[in-house]
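The block underneath contains the structure these notes are about, expressed in structure tokens.
Please treat every number below as a calculation from the coordinates, not as lab data. These numbers come from a predicted model, not from an experiment.
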There are 2 protein chains.
Amino acid sequence: MPKLGMEPIRRAALVKATIDEIGANGSLDVTVSQIAKRAGMSSALAHHYFGGKEQIFLAAMRHTLSVYAAEVRGALIMADTPRERLEAIIRAGFGTSNFRREVIAAWLNFYVLAQTSSEAKRLLTIYQRRLHANLMFNLRPLLGDDAQDAAYRIGGLIDGIYLREALTITKTSSKAATKHVLAALDLELGKTK
Amino acid sequence: MPKLGMEPIRRAALVKATIDEIGANGSLDVTVSQIAKRAGMSSALAHHYFGGKEQIFLAAMRHTLSVYAAEVRGALIMADTPRERLEAIIRAGFGTSNFRREVIAAWLNFYVLAQTSSEAKRLLTIYQRRLHANLMFNLRPLLGDDAQDAAYRIGGLIDGIYLREALTITKTSSKAATKHVLAALDLELGKTK
DNA sequence: TTGTTTATTGACTCGTCAATCAACAAAAAA
DNA sequence: TTTTTTGTTGATTGACGAGTCAATAAACAA
């Protein structure tokens, strides 16, 4: 039975199962057994590969963040002007893969985890900084010294809309969220309607 | 020993202890015993007055929401013009009592609770609707049909900044948060700097 | 005085869960 | 072939926590 080279496969399965289970459950109050079962293995194996529950959570977080980062990077290569790049960042953040119920719920719970785990906090801080830096970089040519504050506001709005969607999600909310943030961006850039 | 009329006192003590304990702990992962101990009584008594853990949480939530509502109401009586009232709403949201670590952490965890408990979800939805209605009411005279979208953005920004503060809190973050949202309000109202 | 309501707790039940371990199996290296 | 490495699980341990209950006691009503 035992095939070799299972480790990466098992780890990936556990990470995915963790996000799904947190999403399905709506809280971090999920057992290692539940996660392991969803990933098709025994709980002992989950412990074997990750050492403990918190490390499973952290791995799930890292994965979520890295998927998000990859999507932003992907969207950025298609964009040439600062304005296009800003739009790409916003669209990527609300893209389908980050905007599913489970993923949003997982993000929300990662914020909670960050209150206890300094590693989780570190990861979230990195995310926030990266978002801020990305926004800044592209706002500066358009707004100069006002870019700092504008980036803060756009970043905050993205997170805030995420939070709202954690509460109620509809089929159209991804589109609506994007539209609203883009409108805020236009305001920042001084477009009068 | 037993004095009569303890019920309201015990309940209030438990509600306060719950918020403090969630704040100190950073998660809903607090035991009834911890809460009861902090409130100076046995866990059996906590069960006696509230019936169960979830109902203790919900009572804490209702209390938090009603304190918030009271503060907004209070700020509004001093304000005469729509613009002043908008400012009052924003300032109240970031007022000292809502902006302490424990309270922010509690709010964050209430969002998590809302994923599991429909009553918690109901309460949060009420909060969001009330905020939206308040903003709308005062934005409409200034913006007309654009008020709807503007209210959505301002509301989202308030929540988003709250979320960020749940991660890192500094002595000046209350002031900074207020400043940023007021700046966003000015943008919405079309003031060019 | 006797009975009822309110306040209060220590001890207990029952369940759950993270983590560990012994044991088994197969591939690969020796 | 023997040994080591890698994969895998069922069973177990040890701890903890929500909720219940019986018992105790003060206040109040009859």
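What pairs from A:LYS16/A:LYS175; A:LYS121/B:LYS53; B:LYS53/B:LYS121; B:LYS121/B:LYS179 go past 19 Å between their alpha carbons?
Those over the limit are A:LYS16/A:LYS175; A:LYS121/B:LYS53; B:LYS121/B:LYS179.
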query = Which angle from 0 to 90°, rounded to the nearest 10, does the C-alpha axis of helix B:53-77 make with the longest principal axis of chain B?
reply = 40
ask   = In deg cm²/dmol and to the nearest 500, what is the mean residue ellipticity at 222 nm of the protein assembly as shown if only DSSP H runs of at least 4 residues count, each as -39500 (n - 2.57), divided by the residue total?
value = -25500 deg cm²/dmol
query = Where does helix B:101-114 land angle-wise versus the long Cα axis of chain B, in degrees 0 to 90, nearest 10?
reply = 90
remark   = If N is the residue count of segment B:20-90, its Cα Rg over 2.2 N^0.38 Å rounds to 1.55
task = Find the Rg to Rh ratio for the protein assembly as shown, where Rh is the Kirkwood radius over alpha-carbon pairs and Rg uses the same atoms.
result = 1.00
ask   = Which ³J(HN,Hα) values in Hz, rounded to whole numbers, follow from the phi angles of segment B:153-160 under the Karplus curve 6.51 cos²θ - 1.76 cosθ + 1.60, where θ = phi - 60° and Gly and Pro get x?
value = 5, 5, x, x, 5, 4, 4, x
Rg ratio (alpha-carbon, reference 2.2 N^0.38 Å) - segment A:136-193 = 1.24
request  = Would you mind giving the average projected area, over all directions, of the Cα convex hull of segment B:7-188 in nm² with one decimal?
outcome  = 10.7
query = In Å, the Kirkwood hydrodynamic radius of segment B:1-47 over pairs of distinct alpha carbons?
reply = 10.8
